[in-house]
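One structure is given here, and the rest of the page talks about it.
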Amino acid sequence: MIVIPAVDIRGGRCVRLVRGRPEAEHVFSNDPVEMAVRWEQQGARYLHIVDLDGAFEGAPINVSVIKNIISSVSIPTQVGGGFRSDETVERLLEAGATRVILGTRALDSSDWVGELCEKFSGHIVVSVDSIEGKVAVRGWTVVSDTLVTELLERLAKVPLAAIVYTDTSRDGTLGGPHFEQIAEVVASTTIPVIAAGGVTTLEDVRRLAELNLEGVIIGRALYEGTLTLPDANQVAEEAAG
């Protein structure tokens with residue numbers, strides 16, 4: 001299981017939101033590029049970059065910052081936040097992103113996602129964001145009528161590189177992951193799963209590593225120091241081996 005630091009960008013700054021709420025913002029750096037480089041220096045093998053402004057607005061806003069991050073690190077990156085057209089997906093992949101994460105439009109059109117997977121094989125990820133078992137979209141500001149299980153069924157035959165599953169009620173709270181829900185998601189799909197939301201301690205990392213995840217995204221815990229990236233990497237490696 002890969003430990004993946006989160007670099008969330010809003011207004012050009014590196015921030016974390018609590019449960020995705022814009023009014024509950026913690027600013028950790030005015031320089032997201034510097035933070036990304038720091039995580040690489042501390043042993044990150046992958047980065048999770050989200051354009052929060054893009055997620056709320058429906059189109060990428062912080063593209064220049066994201067491109068600067070990509071060009072400043074040598075590790076793979078997965079990028080999300082408002083990517084709802086072929087053009088924006090292609091633009092970020094051409095800029096060097098390893099994977100592009102789709103959210104809102106993936107719920108509306110699994111056929112479109114399938115077409116992108118064929119065009120950009122191995123580079124497309126879908127974010128499945130859960131609010132009480134239902135899929136949240138548009139930067140988590142709208143809760144759809146679609147159950148998480150229903151969306152996973154629609155995506156079952158789509159050749160995705162991975163699914164990022166987030167329990168939004170835990171995200172940014174330092175309250176611990178919802179292990180049972182994550183286990184259910186992993187069991188219900190053959191697509192590799194990356195979990196996010198609530199990771200706080202090394203014990204959380206150890207328990208998640210036992211769930212056959214491809215990776216775990218950690219944000220606030222790293223920024224506030226409730227765990228360190230080298231320690232989290234070591235725990236994940238020991239649990240795997």
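The values are calculated or read from the model by the stated rules, or taken from the named source; none is laboratory data. Remember, it's a predicted structure, so these values are computed and weren't measured experimentally. For neighbour counting, all protein chains shown are included, and Cβ atoms are generated from backbone atoms with ideal geometry for every residue, glycine included.
Of the residues examined, GLU25 is not one that is outside any strand (DSSP E or B) and either surrounded by 15 or more Cβ atoms within 10 Å (Cβ to Cβ) or not aliphatic (A, V, I, L, M) (or both).
Quick check, is SER121 polar (S, T, N, Q) and assigned to a loop (DSSP other than H, G, I, E, B)? So SER121 fits the description; yes.
Could you tell me whether any residue of segment 125-134 is of a type in the set (S, T, N, Q) and at pLDDT 90 or above? For segment 125-134, residues of a type in the set (S, T, N, Q) and at pLDDT 90 or above: present. Restricting attention to segment 80-115, the residues that are buried (at least 22 other Cβ atoms within 10 Å of the Cβ), touching a Ser or Thr at 6+ places or on another chain (Cβ under 6 Å) and either in a loop (DSSP other than H, G, I, E, B) or among the basic types (Lys, Arg) (or both) add up to 2. Quick check on segment 116-139. Is at least one of its residues closer than 22 Å to GLY54 by Cβ, crowded, with 18+ Cβ neighbours inside 10 Å, among the hydroxyl-bearing types (Ser, Thr, Tyr) and touching a residue at least 60 places away in the same chain (Cβ under 8 Å)? No, segment 116-139 contains no residue that is closer than 22 Å to GLY54 by Cβ, crowded, with 18+ Cβ neighbours inside 10 Å, among the hydroxyl-bearing types (Ser, Thr, Tyr) and touching a residue at least 60 places away in the same chain (Cβ under 8 Å). Taking the criterion of being touching a residue at least 12 places away in the same chain (Cβ under 8 Å), assigned to a helix (DSSP H, G or I) and among the hydroxyl-bearing types (Ser, Thr, Tyr), would at least one residue in segment 45-56 satisfy it? Scanning segment 45-56 turns up no residue that is touching a residue at least 12 places away in the same chain (Cβ under 8 Å), assigned to a helix (DSSP H, G or I) and among the hydroxyl-bearing types (Ser, Thr, Tyr). Per this entry, GLY54 is not counted among residues that are at positive phi, surrounded by 16 or more Cβ atoms within 10 Å (Cβ to Cβ), at pLDDT below 95 and not hydrophobic (A, V, I, L, M, F, W, C). Checking each residue in segment 62-115 for being hydroxyl-bearing (Ser, Thr, Tyr), within 16 Å of the chain's Cα centre (by Cα) and farther than 19 Å from GLY12 by Cβ picks out THR98, THR104.
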